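For reference, the structure is listed below as structure tokens.
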Amino acid sequence: LISNIHSGHTEDLVLSVSPQKWLTEGDPVTLICEVNGSSTGWTFSWYTVSSDSSDHYKLLSDSSRGAGGNYTVSSAALNHTGVYVCRAEREKPDYKTTYSNKQPLWVTVSRSESQISVLQILSSVLAVCPYLLVTVVLIFKYCRMRGKTD
């Protein structure tokens with residue numbers, strides 16, 4: 001938890017992920033930013049942590065600055081992999097929290113796309129190497145002829 005002390009106020013800002021931080025492409029995910037101690041009157045901003053430095057944050061272009069503390073991605077893509085933080089602010093009294101805890105998200109390729117069949121690999125190799133193709137055809141013919149003579 002990050003404690004924020006400003007003008008006599010203390011707020012804890014907590015960022016969590018639902019349903020999980022390990023995702024497959026196409027999965028939905030929601031980042032949940034909660035302010036403990038005071039739940040009303042807040043607007044939220046969402047950031048990614050720069051890969052260059054853990055202290056630089058980039059505001060998400062589609063960051064919805066609204067009263068709801070949720071940032072939802074309906075269909076995760078590989079480019080959603082990263083580390084996220086949120087920040088809350090309110091006008092009365094004027095107050096902006098520090099950044100939340102860092103929350104990583106990992107998005108991997110879907111299983112169906114990552115599996116390559118033996119037949120696909122064999123056809124790719126044979127297309128690239130014609131000598132191998134001729135060898136395979138000769139072995140196949142030899143095995144067929146041998147089977148007929150038995």
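A 1.4 Å probe run over the protein chains yields, for segment 19-110, 57 Å² of accessible area per residue, whole-number rounding.
The stretch between Q20 and S75, if pulled fully straight at 0.36 nm per residue, gains 18.4 nm over its current Cα-Cα span. Full extension of the chain between F140 and K58 gives 23.6 nm of extra length, using 0.36 nm per residue less the Cα-Cα distance.
The values are calculated or read from the model by the stated rules, or taken from the named source; none is laboratory data. All values derive from a computational prediction rather than experimental measurement. To get the accessible areas, we keep the full protein, side chains included, count just its heavy atoms, and leave off ligands, DNA and RNA. Shrake-Rupley method; radii C 1.70, N 1.55, O 1.52, S 1.80 Å.
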